[in-house]
Amino acid sequence: MKVRWMPLALGQVQEIVDYIKQDKPEAAGRWADAVFDLVEGLAAFPKKGRVIPEAGREEIRELFHGDYRIIYRLDEELISILSVRHGYRLLDPEEVLK
């Protein structure tokens, strides 16, 4: 399966990296690498993540990386990474239910 990053999710990753860099510049790159590696693994195991409670739809799923949620949509031949956010932040349904 092919993995596609949506612009919103890429922007969120950049914001998180910028935030981490403020205190631990070396950790920011490692965090981003780990997120991208985790997402790449979805190509082989697309149903690895759980169905997110807010959506209750089989095709909207999430993976966790530390305190962060990686939210994705699973279509027939495509995995779209929709959002990457801290687990404590409320999810805007508009980000994932389009």
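The values are calculated or read from the model by the stated rules, or taken from the named source; none is laboratory data. Bear in mind that the values here come from a model prediction, so they are computed numbers and not experimental data. Virtual Cβ from ideal backbone geometry, glycine too; neighbours counted across all protein chains shown.
Look through Arg30, Arg85 and report the one residue that is part of a strand (DSSP E or B), at pLDDT 90 or above and among the charged types (D, E, K, R).
Arg85
Could you tell me whether any residue of the stretch 65-74 is within 13 Å of the chain's Cα centre (by Cα), at positive phi and part of a loop (DSSP other than H, G, I, E, B)?
yes
Could you go through the stretch 48-58 and let me know if any residue there is farther than 17 Å from Leu91 by Cβ and hydrophobic (A, V, I, L, M, F, W, C).
no
What pairs come up if the first residue lies in the stretch 15-31 and is within 16 Å of Val84 (Cα to Cα), the second is exposed (fewer than 11 other Cβ atoms within 10 Å of the Cβ), and their beta carbons are under 8 Å apart, counting only those six or more places apart or on different chains?
Ala28/Asp18; Trp31/Gly66
Only residues that are small (Gly, Ala, Ser) and under 22 Å from Tyr72 (Cβ atoms): list them for the stretch 9-27, please.
Ala9, Gly11 - these are the residues of the stretch 9-27 that are small (Gly, Ala, Ser) and under 22 Å from Tyr72 (Cβ atoms).
Somewhere in the stretch 45-67, is a residue at pLDDT 95 or above, surrounded by 12 or more Cβ atoms within 10 Å (Cβ to Cβ), closer than 14 Å to Arg4 by Cβ and not small (Gly, Ala, Ser)?
Checking the stretch 45-67: not a single residue is at pLDDT 95 or above, surrounded by 12 or more Cβ atoms within 10 Å (Cβ to Cβ), closer than 14 Å to Arg4 by Cβ and not small (Gly, Ala, Ser).
Looking at (1) surrounded by fewer than 18 Cβ atoms within 10 Å (Cβ to Cβ); (2) hydrophobic (A, V, I, L, M, F, W, C); (3) without any contact (Cβ under 8 Å) to a residue 60 or more places away in the chain, which is the one condition that is false for Trp5?
Status for Trp5: all satisfied but (3).
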